[in-house]
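Q: Got a structure for you, questions after.
What follows is calculated from the coordinates using simple rules that are stated; it is not laboratory data. It should be emphasised that the depicted structure is a prediction, and the values quoted were computed from it without experimental measurement. Because the Cβ atoms are built from the backbone with ideal geometry, glycine has one as well, and the counts that use them run over all protein chains shown.
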Amino acid sequence: TIYFGRFISTPQPVELLIRVGAVLVDRNDGKGVIEKADWTVRDPKDAISKFGVDAPVITTKENGFFFPGFIDSHIHASQYPNVGIFGKSTLLDWLTTYTFPLESSLGNPKSPMYKDAVEPPNPLARANAVYNRVVSRTLANGTTTASYYATIHVDATNLLADVAFAKGQRAYIGRVCMDQPETCPDYYRDESTEETIAKTKASIEHCKSLDPSGELLAHIITPRFAPSCLPETLSRLGALAQEQDLRVQTHISENLNEVKLVKQMFPDQATYTDVYDHHGLLTPRTILAHAVHLSKDEMKLIKEKKTKISHCPASNSALGSGFCPVRVMLDEGLEVGLGTDVSGGYSTSILDAVRNACMVSRHVGYVNGGDSRYNLGVAEGLWLATVGGAKVVGMEGRLGGFEEGMLWDVQEIVLGDVDSRGEGDNTEVDIFGWETWENRVDKWVWNGDDRNVRRVWVGGRLVHERR
Ligand code: GUN
Ligand code: FE
């Protein structure tokens with residue numbers, strides 16, 4: 001297939017790269033790789049003769065462009081029914097009030113969510129509904145790759161893998177590991193390290209059976225966070241990740257009370273980062289979500305280990321977790337991507353995460369004496385959502401751009417379909433004909449949503465089309 005039209009991307013964080021041209025994508029290999037790119041053609045017919053193949057041509061609209069698919073490096077699929085429901089809670093009471101009851105309901109008929117149920121509970125049917133919706137919803141928002149947390153239940157976790165794979169989203173699937181009785185409720189935890197490891201292995205095997213290459217779908221080892229796991233479990237999960245060369249995801253230093261709890265529970269380690277390092281979990285394939293309250297020394301250790309960070313700005317604001325200093329992390333040389341952190345975050349949209357990342361960076365600048373050096377620009381936010389995310393999920397150079405050899409994981413964006421009654425999408429552009437494409441992308445970031453996402457492809461497969 002040939003894709004022709006306007007292509008916008010962010011190979012560098014400082015500015016948008018805006019090009020007109022065509023790319024040739026080979027779908028026959030089943031992967032959807034960009035074989036050739038040509039930034040001189042100005043007509044779809046030229047593209048056919050330039051590439052020397054008689055392939056179908058897909059063209060962007062005049063008011064549209066191709067943009068690399070978004071990478072959500074931290075999202076709890078199981079928490080989707082709770083988006084927007086968090087009241088005034090902060091992390092630790094949010095977990096016990098809203099999150100553990102909901103998550104448990106996807107596998108445990110004795111979940112507190114079922115205490116007033118009239119019908120007999122059917123947790124797996126519930127998981128099926130939740131997972132179908134969240135994968136569809138993230139695809140509709142242009143998320144082509146997602147690193148998911150499911151729940152502790154093997155059946156439901158494997159179902160999430162089935163759903164993501166069937167819908168064609170690139171996905172890393174985490175069975176949540178939690179077996180620490182001091183912090184996890186009786187109705188929602190594994191009984192032992194052995195159970196945790198056995199159940200994790202069962203889910204690894206299921207993911208491998210769906211996609212032996214691990215390119216489109218793979219398991220990701222998921223200790224929920226240090227306080228929810230027995231120390232022995234953390235070590236065993238670290239060893240398992242190394243043995244099977246798997247990605248790892250967890251939370252770190254999100255909230256000050258959580259940091260205090262980790263200090264109490266792990267008195268032998270100096271910092272939260274040391275806890276993960278001590279248990280073999282600080283790997284180049286590990287994604288640490290939040291990282292709001294890290295010290296400079298912790299950042300240095302994370303950099304040394306080439307461990308990745310998922311910045312979750314909407315969640316950090318919604319749960320009052322704090323101001324994550326992304327500029328400092330980037331200056332320290334850390335690799336950072338964006339996460340929605342549904343449902344600590346209230347939105348499934350990575351475009352909204354870009355917006356929130358820009359916003360909170362200004363608050364960071366304010367608390368540091370009003371220094372605009374901390375501000376993230378729109379291009380930088382989009383870079384975090386694509387190129388940054390690609391680094392975080394270990395797909396640097398394969399995702400996040402339009403260069404030859406990269407995968408066709410792409411969204412087609414259309415702007416300004418608004419009528420004179422003000423109905424349509426929320427990005428009225430170029431009323432007077434003076435806007436640049438940079439201006440239009442600014443408008444997309446600050447006011448856009450899923451109405452601007454016309455089509456989405458993963459590995460060259462069309463996985464969403466807006467009606
Ligand atoms: N820390 C431990 N579990 C969670 C979770 O589900 N969401 C967030 N935001 N932080 C956590
Ligand atoms: Fe989270």
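Q: State the number of residues belonging to segment 56-88 that are hydrophobic (A, V, I, L, M, F, W, C) and surrounded by fewer than 23 Cβ atoms within 10 Å (Cβ to Cβ).
A: The qualifying residues number 5.
Q: Looking for something under 21 Å from Ala156 (Cβ atoms) and in a helix (DSSP H, G or I) - is there at least one such residue anywhere in segment 60-77?
A: Yes; the residues of segment 60-77 include at least one that is under 21 Å from Ala156 (Cβ atoms) and in a helix (DSSP H, G or I).
Q: Of the residues that sit in segment 399-458 and are assigned to a strand (DSSP E or B) and among the basic types (Lys, Arg), which one is farthest from Leu216 (Cα to Cα)?
A: Applying the filter and picking the extreme gives Arg454.
Q: Would it be correct to say that Asp331 is surrounded by fewer than 24 Cβ atoms within 10 Å (Cβ to Cβ) and without any contact (Cβ under 8 Å) to a residue 12 or more places away in the chain?
A: Answer is yes for this residue.
Q: Right, here's the next one. Exactly one condition in (1) assigned to a helix (DSSP H, G or I); (2) more than 14 Å from the chain's Cα centre (by Cα); (3) β-branched (Val, Ile, Thr) is not met by Val354; state its number.
A: The one condition Val354 does not meet is (2).
Q: Take the conditions in contact (Cβ under 8 Å) with a residue 40 or more places away in the chain and part of a strand (DSSP E or B) and apply them to Gly5. Does it pass?
A: yes
Q: Hey, does segment 358-373 have a residue that's in contact (Cβ under 8 Å) with a residue 60 or more places away in the chain and closer than 23 Å to Gly142 by Cβ?
A: yes
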